[in-house]
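Asks: Got a structure here, written out as structure tokens. Questions coming.
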Amino acid sequence: MPAPRRVSRVAVPLGLSALALVALSGCVPTASPTPSQTASVPAGGTPSASSTASAAPSAAPTPIAIGCDDLVTPDDMYAFNPNFGLINSWTPKPGSPAATAKSEQGIACRWQNQTSGDNIDISVAHLDAASIESLKNDAVEKSTMVPTYGDEAYFSVSSGVGTAIVFQSDYWLVASSVDFAEPGDPADLITAALSALK
């Protein structure tokens, strides 16, 4: 039986291997800059790359067509605490969830305790899926998930103010007050508000 044949290997000089790699690299397309990046030149500075593309426009929000007395009825608030009354001329603080809800054609309501002066703020906006997802991601980072109300909910306490963030379908509801020390404290008010949105 004849012995198996050995295949001889020819050594390729290192220099030729490098040349072959250089030649092949010319076949690989190079990435071209995307239209979303342009060079900007600050006054008296040097050019720097900055993104000028804006996020895809989200769908227009759906207006909330009910008033504060419909969102949480006087009876609902009375059952929670009879000392709280609706403040009709309230302007939310810029940058707050209530101000954001109003800017998205939502509703922002404040009730005040006639004895202590403490407030309860509840705001709601009806948003597109992308906006809801973004708000959920933000809530995950800043609050603790709770199984108390809505499809998905979060609760946190900061500087003595308890805040519940609730997602129900495409509604974003935020309720905050010094009277909300635990997730269960605003439960009845949130349930009433979510029922009013159906």
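The values are calculated or read from the model by the stated rules, or taken from the named source; none is laboratory data. Small disclaimer: the values here were computed from a predicted structure and weren't measured. All Cβ positions, even for glycine, are placed from backbone atoms using ideal geometry, and neighbour counts span all protein chains on display. All accessible areas refer to the heavy atoms of the entire protein, side chains included, with ligands and DNA or RNA removed. Shrake-Rupley method; radii C 1.70, N 1.55, O 1.52, S 1.80 Å.
Asks: Find the helices (runs of 4 or more DSSP H) located wholly in the range 92-198 whose residues include 2 or more that are within 21 Å of Pro74 (Cα to Cα) and open to solvent by less than 10 Å² (accessible area, probe 1.4 Å), and list them.
Replies: 187-196
Asks: Would you pick out the residues in the range 152-174 that are small (Gly, Ala, Ser) and under 19 Å from Gln105 (Cβ atoms)?
Replies: Ser169
Asks: Inside the range 65-91, can you point out the residues that are in a helix (DSSP H, G or I) and hydrophobic (A, V, I, L, M, F, W, C)?
Replies: Matches in the range 65-91: Cys68, Leu71, Met77, Ala79, Phe80.
Asks: Restricting the search to the range 112-136, which residues are free of Cβ contacts under 8 Å to residues at least 40 places away in the same chain and of a type in the set (A, V, I, L, M, F, W, C)?
Replies: Residue satisfying the conditions is Leu135 alone.
Asks: Next question. Checking the conditions here, which among Ile165, Ile120, Ile132 is more than 22 Å from Gly184 (Cβ to Cβ), touching an Asp or Glu at 6+ places or on another chain (Cβ under 9 Å) and at pLDDT 95 or above?
Replies: Criteria check complete, one pass: Ile132.
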